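Everything on this sheet refers to the single structure shown next.
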Amino acid sequence: MGKRRRVAVLGTGGAGLTAAIAAHDAGAKVKVFEKADKVGGTTAWSGGMVWIPNNHLEAQAGVADSRDDALTYLMSMSHGLIEPHMAEAFLDAGPLMVRHLCDHTPVAFRTIPHFPDYHAEFPGGKTDGGRSLDTPPFSFKALGKWAKRVTPSPYYPDPRLSIYDTPLGQALPQPVPEEELERRSREHERGSGQALVGRLLRACLDRDIEPHTRSRAVELVLRKGAVRGVVIEHRGETSRVDCDAVILATGGFEWSEEFKRAFLRGPMTHPVSIDTNTGDGLRMAMRAGAMLGNMREAWWMPVAEVPREEVSTGVTLIAGIRSLPRCIMVNRDGVRFTNESANYNAIGAAFHDQDVSAFAYRNLPCWIVFDQGYVDRYGFPITGGKPGVPPPQWVTSAPTLAGLADKLAMPRSALERTVARWNTQVAAGRDDDFHRGEAAHDQWWGDASARGGPGAALGPLDRAPFFAVEIKSGALGTKGGPKTDVNANVLDVDGRPIVGLYAAGNVMASPMGMTYGGAGGTIAPGMVFGFVAGRDAAGDPVFPAKGPNRKKKGR
Ligand SMILES: Cc1cc2nc3c(=O)[nH]c(=O)nc-3n(C[C@H](O)[C@H](O)[C@H](O)COP(=O)(O)OP(=O)(O)OC[C@H]3O[C@@H](n4cnc5c(N)ncnc54)[C@H](O)[C@@H]3O)c2cc1C
């Protein structure tokens, strides 16, 4: 048996922890370094869903899927940005990753029945779900002293719940019974991204891999163009870690103003990820001569600013909230500009639309506008207010649409006209302007009691008072970075592998281009290429000699 390879993994989100497990299981000695004082990254803050087409659980649930369908689906949304060999690698390795974790670690997955793809009507898309998986709740008792060292999510106030337990995760929503919630409290069970990270972390601990926290990777050690180590900064001191391979899993560059300005295709002022994602991995890869790809893209997400007493980050995601009836979005002209129910990633493009004559972003600023009927039925879901309870004081409100328009500094007549047209369309049951409510996605994310038709997303604004909250252009993370081959080996600017350097997760040039396939569409490629990177770094590649750019450079 050859000498065990030494692999350093940077970052403890889904990509990093999966890479660590895969590298270990393929025979490597693994060290994991995390810049933050807690582990889990944005993955621990997330819903914890993964989108893996053609996975074995889908087949067990009787859902028909195939590699061909999934490839057709992804490529149909490429707009020239998805490289087919990378999409194929994702589709081939995804089911292997799921199998490996299910068979060899405490990580478990289950299908979220009927959760449709985000563009389900595209060729190869699934209107009836199957590809989105989540992780059942996990007892943090199993983590011992590490239980307190997983970063808690600011966005899901009840950590016991998975998306699976909420209306978004159920075809016929049923609340979790109180006894079950009490049991989860007693067992310290957590759902969503907490469960996913908890399980991945347990798998690492079972392999004697304890992440080094407050350990920021600052520089790669290069010898003759190959990566031979990494410099780690810990409490102000730097030390060098010698190794045969480094896996960058350091998240995106959404918290670097400089990188955002340099690379993103349009404004993105409000990231909702963990703020240690400042593009360190990108910087290290650039220094090593990496070719970059997909730099203009992010996992876009409309966001609202909220008081920090309500959400500690001061922002919150505006996702399903937009899909509910009795709300619309308008720009400064008081005009609707998009399908408000469209998936959050796609809607990001609406914030980048320019009025070329005015030389201005047409839809920034913009607002979500809703009426008392919305509040009566759904409350103020932006910060979790209960039905019927008035929205907080900081929300703009007025007894009339004209009054609301005045407060938002937009033409009264335009807002009144917009709402009148919207109400007429709602009465006819069709949004001829933007086709809201037609797609399976819109119907799923809208009012769960009206699923199956446009009514899940359509409803008039006809009951005073009226309310508005400004919506900002945000993102779950960026998705551009060093380009890799199918084994997640970083390529240099001439397309040759940089020996010993790998990238996975939001730090890498995403194989997804500008798309978001379905719920779980970001963590999935991160974990899949983390798995692939770990295997190759350990000397047991998933793709031994496949795809372009696999020729080793003679060094
Ligand atoms: C509320 C919310 C819900 C979401 N729900 C989902 C979902 O259900 N499914 C889905 O697919 N996506 C979801 N997302 C998006 C998803 O969470 C992220 O895209 C994904 O977790 C990114 O994974 P990652 O491993 O690449 O990065 P991260 O999980 O962010 O991990 C990167 C880690 O690297 C560390 N790091 C950075 N620099 C260094 C350095 N120099 N040295 C060492 N460590 C470093 C960071 O501190 C961080 O811990 C959600 C996001 C949010 C905010």
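The values are calculated or read from the model by the stated rules, or taken from the named source; none is laboratory data. It should be emphasised that the depicted structure is a prediction, and the values quoted were computed from it without experimental measurement. Positions of Cβ are backbone-derived with ideal geometry, glycine not excepted, and every protein chain shown enters the neighbour counts.
Return the pairs, sorted by first residue and then second, in which the second residue is modelled with pLDDT under 95, the first residue lies in the stretch 80-101 and is of a type in the set (Lys, Arg), the beta carbons are less than 8 Å apart, and the residues are 6+ apart or on different chains.
Taking only residues 6 or more apart or on different chains, the pairs are Arg99/His56.
Which one of these is in contact with a Pro (Cβ under 8 Å, 6 or more places away or on another chain), crowded, with 20+ Cβ neighbours inside 10 Å and not polar (S, T, N, Q): Gly437, Gly429?
When all the criteria are applied, what remains is Gly437.
Got a sec? Which of Gly526, Gly513, Gly505 is within 15 Å of the chain's Cα centre (by Cα), within 16 Å of the ligand (Cβ to nearest atom) and either surrounded by fewer than 24 Cβ atoms within 10 Å (Cβ to Cβ) or charged (D, E, K, R) (or both)? Break it down into steps so the answer makes sense when it comes.
On the way: Gly526 fails: either surrounded by fewer than 24 Cβ atoms within 10 Å (Cβ to Cβ) or charged (D, E, K, R) (or both); Gly505 fails: either surrounded by fewer than 24 Cβ atoms within 10 Å (Cβ to Cβ) or charged (D, E, K, R) (or both).
Answer to the selection: Gly513.
Please work out which residue is nearest to Asp206 (Cα to Cα), limiting yourself to the stretch 66-91 and to residues that are surrounded by fewer than 19 Cβ atoms within 10 Å (Cβ to Cβ) and either among the hydroxyl-bearing types (Ser, Thr, Tyr) or touching a Phe, Trp or Tyr at 6+ places or on another chain (Cβ under 9 Å) (or both).
Ser66
Across the stretch 529-555, which residue is nearest to the ligand (Cβ to nearest atom) among those that are aliphatic (A, V, I, L, M) and either under 26 Å from Gly130 (Cα atoms) or modelled with pLDDT of 95 or more (or both)?
Ala533
Could you please find all residues in the stretch 154-178 being of a type outside the set (Ser, Thr, Tyr), within 18 Å of Phe138 (Cα to Cα) and within 13 Å of the ligand (Cβ to nearest atom)?
Pro157, Pro159, Leu161, Ile163, Gly169
Residues in the stretch 342-362: is at least one closer than 18 Å to Ala448 by Cα and in contact with a Cys (Cβ under 8 Å, 6 or more places away or on another chain)?
So far as the stretch 342-362 goes, no, none of its residues is closer than 18 Å to Ala448 by Cα and in contact with a Cys (Cβ under 8 Å, 6 or more places away or on another chain).
Farther than 21 Å from Thr12 by Cα and over 23 Å from the mean Cα position of the chain (by Cα), is that true of Arg184?
yes
Out of curiosity, is Gly500 touching a residue at least 40 places away in the same chain (Cβ under 8 Å), among the small types (Gly, Ala, Ser), within 13 Å of the ligand (Cβ to nearest atom) and part of a strand (DSSP E or B)?
Working: touching a residue at least 40 places away in the same chain (Cβ under 8 Å): yes; among the small types (Gly, Ala, Ser): yes; within 13 Å of the ligand (Cβ to nearest atom): no; part of a strand (DSSP E or B): yes.
So Gly500 does not fit the description; no.
Here is a list: Lys472, Lys479. Which entry is within 16 Å of the ligand (Cβ to nearest atom), surrounded by fewer than 24 Cβ atoms within 10 Å (Cβ to Cβ) and within 22 Å of the chain's Cα centre (by Cα)?
Lys472 is the lone residue from the list that is within 16 Å of the ligand (Cβ to nearest atom), surrounded by fewer than 24 Cβ atoms within 10 Å (Cβ to Cβ) and within 22 Å of the chain's Cα centre (by Cα).
Suppose we filter the stretch 461-516 for residues that are farther than 23 Å from Gly40 by Cα and in contact with a His (Cβ under 8 Å, 6 or more places away or on another chain); how many remain?
Summing the residues that are farther than 23 Å from Gly40 by Cα and in contact with a His (Cβ under 8 Å, 6 or more places away or on another chain) in the stretch 461-516 gives 6.
Which numbered condition trips up Tyr118, out of (1) touching a Leu at 6+ places or on another chain (Cβ under 8 Å); (2) under 27 Å from Pro173 (Cα atoms)?
(1)
Please go through the stretch 397-427 and give me each residue that is assigned to a strand (DSSP E or B) and not hydroxyl-bearing (Ser, Thr, Tyr), ordered by number.
If the condition is that a residue be assigned to a strand (DSSP E or B) and not hydroxyl-bearing (Ser, Thr, Tyr), then Ala398 is the only one that fits.
With respect to Thr400, determine if the residue is surrounded by fewer than 16 Cβ atoms within 10 Å (Cβ to Cβ) and either modelled with pLDDT of 95 or more or in contact with a Phe, Trp or Tyr (Cβ under 6 Å, 6 or more places away or on another chain) (or both). Step through it out loud before you land on a result.
Numbers: surrounded by fewer than 16 Cβ atoms within 10 Å (Cβ to Cβ): yes; either modelled with pLDDT of 95 or more or in contact with a Phe, Trp or Tyr (Cβ under 6 Å, 6 or more places away or on another chain) (or both): yes.
Answer is yes for this residue.
In the stretch 150-171, what count of residues is obtained for those that are free of Cβ contacts under 8 Å to residues at least 24 places away in the same chain and not hydroxyl-bearing (Ser, Thr, Tyr)?
1
Among the candidates Gly348, Gly320, single out the residue that is at pLDDT 95 or above and either farther than 23 Å from Leu415 by Cα or under 18 Å from the mean Cα position of the chain (by Cα) (or both).
Values: Gly320 fails: at pLDDT 95 or above.
Answer to the check: Gly348.
Could you tell me whether the stretch 197-204 includes any residue that is within 14 Å of Gly40 (Cβ to Cβ), β-branched (Val, Ile, Thr) and either within 15 Å of the ligand (Cβ to nearest atom) or at pLDDT 95 or above (or both)?
So in the stretch 197-204, the residues within 14 Å of Gly40 (Cβ to Cβ) come out as 197-204.
Those still in the list that are β-branched (Val, Ile, Thr) too: 197.
Still in the running and either within 15 Å of the ligand (Cβ to nearest atom) or at pLDDT 95 or above (or both): 197.
Yes, the stretch 197-204 contains a residue that is within 14 Å of Gly40 (Cβ to Cβ), β-branched (Val, Ile, Thr) and either within 15 Å of the ligand (Cβ to nearest atom) or at pLDDT 95 or above (or both).
I'd like the residue in the stretch 274-310 that is part of a loop (DSSP other than H, G, I, E, B) and within 10 Å of the ligand (Cβ to nearest atom) and, out of all such residues, is surrounded by the most Cβ atoms within 10 Å (Cβ to Cβ). First the steps, then the outcome.
Looking only at the stretch 274-310, we keep the residues that are part of a loop (DSSP other than H, G, I, E, B), and these are 274-279, 288-289, 291, 294-297, 306-310.
Still in the list and also within 10 Å of the ligand (Cβ to nearest atom): 274-279.
Values: Ile274: 24, Asp275: 11, Thr276: 19, Asn277: 27, Thr278: 20, Gly279: 24.
By that ranking, first place goes to Asn277.
Of the residues Val389, Val375, which is free of Cβ contacts under 8 Å to residues at least 24 places away in the same chain and not small (Gly, Ala, Ser)? Steps first, answer last, please.
On the way: Val375 fails: free of Cβ contacts under 8 Å to residues at least 24 places away in the same chain.
Result: Val389 is the single residue among Val389, Val375 that is free of Cβ contacts under 8 Å to residues at least 24 places away in the same chain and not small (Gly, Ala, Ser).
With the requirement that a residue be at pLDDT 95 or above, more than 23 Å from the chain's Cα centre (by Cα) and either within 22 Å of Gly384 (Cβ to Cβ) or among the small types (Gly, Ala, Ser) (or both), what does the stretch 136-180 give you?
Ser139, Ala142, Gly144, Ala147, Val176, Pro177, Glu178, Glu180
Identify, from the list Leu476, Leu461, Leu491, the residue that is in contact with a strand residue (DSSP E or B) (Cβ under 8 Å, 6 or more places away or on another chain), farther than 23 Å from Ala342 by Cβ and not basic (Lys, Arg).
Residue meeting the stated conditions: Leu491.
Among the residues of the stretch 205-222, write down those that are in a helix (DSSP H, G or I) and either at pLDDT below 95 or over 12 Å from Trp146 (Cα atoms) (or both).
Selection gives Asp206 alone.
Across the stretch 1-30, which residue is farthest from the ligand (Cβ to nearest atom) among those that are basic (Lys, Arg) and in contact (Cβ under 8 Å) with a residue 40 or more places away in the chain?
Checking each candidate, the answer is Arg5.
Going by the conditions given, is Ile318 crowded, with 17+ Cβ neighbours inside 10 Å and touching an Asp or Glu at 6+ places or on another chain (Cβ under 9 Å)?
No.
In the stretch 229-267, which residue that is away from the ligand (no atom under 14 Å from the Cβ), among the aliphatic types (A, V, I, L, M) and buried (at least 18 other Cβ atoms within 10 Å of the Cβ) is farthest from Ile498 (Cα to Cα)?
So the residue we want is Leu264.
So if I check each of Ala457, Ala519, which one is more than 16 Å from the ligand (Cβ to nearest atom), under 25 Å from Ser162 (Cβ atoms) and crowded, with 23+ Cβ neighbours inside 10 Å?
That would be Ala457, the only listed residue that is more than 16 Å from the ligand (Cβ to nearest atom), under 25 Å from Ser162 (Cβ atoms) and crowded, with 23+ Cβ neighbours inside 10 Å.
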